[in-house]
Amino acid sequence: MSMIPPKLTHGDNLANLFEKFNAVIDYLREIRLVPGSGIRINRLPAGTTIESTATATGGTLPIPPEGHPFDAKIINRGTEESPQYYVRIYNSSLPDSSYAGIVYVGDWDIYVPAADIAVTTQNGFYIDLTVTYTGEGRPPFSSGFSLRPYGYQPEQSETQFSTYVAEGKLPSVASRQTTDISVERRWV
């Protein structure tokens, strides 16, 4: 770990100011809390909490099947004779929340709205979360979920990050993301 960068001094030239400012940014990135084995970081509007999931023997507790961000479940909005299946992506630990989870990009916390995605295939499928850098607004990102049939790959670009959070085949779905998501080394 590096030391705290030195303070600005009177008479520093412009090039030196940029160097010291960048040293402060590098230091802040270095000391940012990140989750690790047995440790969960929860960044919420009211503040950040650090949660230990370790047992007394040093192992980690299994993540329960419910009670986590980006959980998934099948919903039938039709009838048994004529089903209309949707996958609901939501935060099952906060079922009344309008957010499915949080994506961390650098210093930005992107609250991803919960969503219901229509299932348009009888074959296997993935539910992808895509975060797009728009360069506009605060934060300069948009996010959304989409259904992708097995065999297709999500588009990746310099301005998009995609990951799958659930997969299934009717009439079932399984979460594949049980924590908030961090996007590393991108757009920061």
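Read-outs: derived from the displayed coordinates by stated rules, not from any lab. Nothing here was measured: the structure is a model prediction, and the numbers come from that model. Counting neighbours? That spans all protein chains shown, and the Cβs are built from the backbone with ideal geometry, glycine included.
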Exercise. Where a ≥ b ≥ c are the square roots of the eigenvalues of the C-alpha gyration tensor, would you call the stretch 63-165 rounded, which needs a/c under 1.5, or, failing that, prolate if a/b is larger than b/c, or oblate?
Worked result: oblate
Exercise. Looking at the stretch 120-188, which trypsin sites (Lys or Arg not before Pro) are DSSP coil and have at most 16 other C-beta atoms within 10 Å of their C-beta?
Worked result: 176, 185, 186
Seminar exercise, completed: Quick note, the stretch 131-188: a/c under 1.5 would make it rounded; otherwise a/b > b/c is prolate and the rest oblate (a ≥ b ≥ c, C-alpha gyration tensor); here it is prolate
Exercise. If you plug each phi of the stretch 76-91 into the Karplus form 6.51 cos²θ - 1.76 cosθ + 1.60 with θ = phi - 60°, what whole-Hz ³J(HN,Hα) values come out, in order, with x for Gly and Pro?
Worked result: 9, 8, x, 10, 5, 6, 9, x, 10, 8, 10, 9, 9, 10, 7, 9
Exercise. Working out 0.36 nm times the residue gap between residue 132 and residue 15, then minus their Cα-Cα distance, what length gain in nm do you get to one decimal?
Worked result: 38.8 nm
